[in-house]
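Comments concern the structure below.
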């Protein structure tokens, strides 16, 4: 058993880090957030063809698999980059590619000609679909609140529960009867909007089996976990740096055990998260039987650990960490939102409990 | 609001403390290892008149309140559960007799208890009942001027040496009772060993004071040993629950404070890397944290005791005190062992003895989970969950 990244994976990771450092500094992220315009980062993603990382070459992607995608999301979390478009793309393409013929219709997504949003409420698992949308012939009606990356999307993929699976319907965002009202959540590096449909013309793409929906949802959960891990690692680094500089009673506060033990406990949390995430990524990509539950574990554990990290990082920074000027807030908010995104830790623990056949 | 002890209360604490101080850690270590009941210690408390603290003065007691009882049991409990359990039941167990007994019964029962001539045990729970008290099966059948009892009891402390038992029975079967809480009847009577087999339960800690299973086969109880009315026993038991919880809080808090004192002393004495280990925040912060929790529990305990002594409702406070005290003791004992490092695991440093006892604070006489149920229902108005 060799539990390590390959040389190619390490090269990819370094390349991603370098590109993010060069082109996506925190000053830029702040500017995009303050101007409420994340499109420069969307352009960066298209320019670098990152939407295709983890997508097979014959499907128009860059190749690589889930481990490569997880490395990318960890790096995105580390730099507080506006990663919502990528996650939305993983969801939409993931769903579509598991329905014969459907992926063709969404091909433009990888080239940046189109942007897709998976039309589900951001706080719930995507594999539940949206039962509140009614189908009348080929027209859809209903309201789906808080859809990730709905503002700015050119296409909406609506999964509607139907006999042991999901019916996939594709909408154009600018079609009559489609209205998207932007919503501001705590983390403004990602876009959310309420989708209102009123007899909106849609195209039926086919039926996605339940297990396939679960697998895609697990992949999304895993990538959110990877992103939380990256954000938490950055917060730990910032904290360690700060407590080494901040002097009280004539010594750096980091020399107090109460401080250094807290930092050490964060590291223990994050190393555990790291192992869980990359094992789950391997298990899912190898089709292991425990792949899906391992991704649930990674999501529940990591997003919670990242919130613990955020709280402790804030505490160890003292009042300065509470300010808008300090960069900690960007990562803090990402960790908080990721905990709820695609379903809370409680949701996934409940799924795990069910699979244990507890009564 | 006055949070301080008055002069009398301080004098009580000091007087009890003087007796306790004569019994050092080595005495309790020996008693634990040899599983020997601490009779000398009990005799000293009897001689000084402490057994009757909460019993009425006309029967030889001191007529004091639960506040004073809590002070006493907390001080005794610094010595550990072997000390508190050796006296607890005789000091406070006969509460239903005090409250619901006839003057004739009190005159017959209380003076020998206070004099240490009688020793009682308390038989409530049963093997398949746990905390679901109304489901007890032990049955007392009326036959003329006596009752004949069959059944079994479990977790009965001091039944090896007791000559009396406060016994909870059913006189109407559960299925025949109008309400589940009807049909329980209370007795205070002789523990007739020709009709009651007492089997000791080997256990993890508190080994100087026995815990037992009782098999009752035809125990005859004269009607005059029945406490209160037939069928009203559950009500009488409820009456004693709050003071019991306050006193259990006291046992856990007293033991917790003692074990943290031991840990703090060790942290001052033990030198590693050229300085006392107590200079490390990794050592001193957890001890401070435990101390805070113990103090908070103590404040809650005195609040509950004060309410009870004023005749006011104290169910929430008594349960919270038990919860906070049990939790704080458990954490304190574990922390004391860890502070001692490897030596904490050695019997000669005494903290492991407390560690083995501390888990009882989370289990008995009511589990933490049921305390949470009580608070959820009574403080927050949430529906009953069990």
FRET efficiency (residue A:183, residue B:117; Cβ distance; R0 60 Å; to 0.05) is 0.15
Taking a label point 7 Å from the Cα of residue A:107 along Cα-to-Cβ, the residues of region A:49-76 whose backbone nitrogen sits under 17 Å from it are A:52, A:55-63
Once residue B:279 and residue B:368 are pulled to full extension, the length gained, defined as 0.36 nm per residue separation minus their Cα-Cα distance, is 28.6 nm
A chain fully extended from residue A:286 to residue A:174 at 0.36 nm per residue, minus the present Cα-Cα distance, gains in nm 36.4 nm
If the chain between residue B:5 and residue B:220 were fully extended at 0.36 nm per residue, the gain over the current Cα-Cα distance would be 72.8 nm
GNM on chain B, Cα springs under 10 Å; top mean-square fluctuation among B:373, B:20, B:290 goes to B:373
Rounded to the nearest 10 degrees, the helix B:368-378 long axis (Cα) sits at an angle to the longest Cα principal axis of chain B of 70
Per-residue ellipticity at 222 nm attributable to helices in chain B (runs of n ≥ 4 DSSP H, -39500 (n - 2.57) apiece, nearest 500 deg cm²/dmol) works out to -16000 deg cm²/dmol
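Label the protein assembly as shown by shape, choosing from rounded, prolate and oblate, from the square roots a ≥ b ≥ c of the eigenvalues of the Cα gyration tensor; if a/c is under 1.5 it is rounded, and otherwise prolate applies when a/b is larger than b/c, oblate when it is not. Don't skip to the end; give the middle numbers.
Values: a/c = 3.04, a/b = 2.00, b/c = 1.52.
Note, shape of the protein assembly as shown comes out prolate.
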For the pair residue A:48 and residue B:148, the simple spin-label estimate (label points 7 Å beyond Cα toward Cβ) gives in nm 9.0
The simple spin-label model distance between residue A:138 and residue B:99, using points 7 Å out along Cα→Cβ, in nm, is 7.8
Between the Cα axis of helix B:25-34 and the main Cα principal axis of chain B, the angle (0 to 90°, nearest 10) is 50
Here the FRET efficiency for residue B:194 versus residue B:19, based on Cβ atoms and R0 = 45 Å and rounded to 0.05, is 0.80
Gyration tensor on Cα atoms of region B:120-230, a ≥ b ≥ c root eigenvalues, a/c under 1.5 rounded, else prolate if a/b beats b/c, else oblate, says oblate
Pseudo-spin-label distance residue A:199 to residue B:128, built 7 Å along Cα→Cβ, given in nm, is 6.8
The helix B:7-21 Cα axis meets the longest alpha-carbon principal axis of chain B at an angle in degrees, between 0 and 90 and rounded to 10, of 80
Gyration tensor on Cα atoms of region A:1-133, a ≥ b ≥ c root eigenvalues, a/c under 1.5 rounded, else prolate if a/b beats b/c, else oblate, says oblate
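Based on other C-beta atoms within 10 Å, arrange B:106, B:74 from fewest to most.
On the way: B:106 20, B:74 27.
The most exposed by this proxy come first: B:106, B:74.
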Only helices counted: for chain A, with every DSSP H run of 4 or more residues adding -39500 (n - 2.57) and the sum spread over all residues, [θ] at 222 nm is -17000 deg cm²/dmol
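Bear in mind that the values in this text are calculations on the coordinates, not laboratory data. Predicted, not measured: the structure shown is a model, and the values here were computed from it. Positions of Cβ are generated from backbone atoms using ideal geometry, with glycine treated the same way; all protein chains shown enter the neighbour counts.
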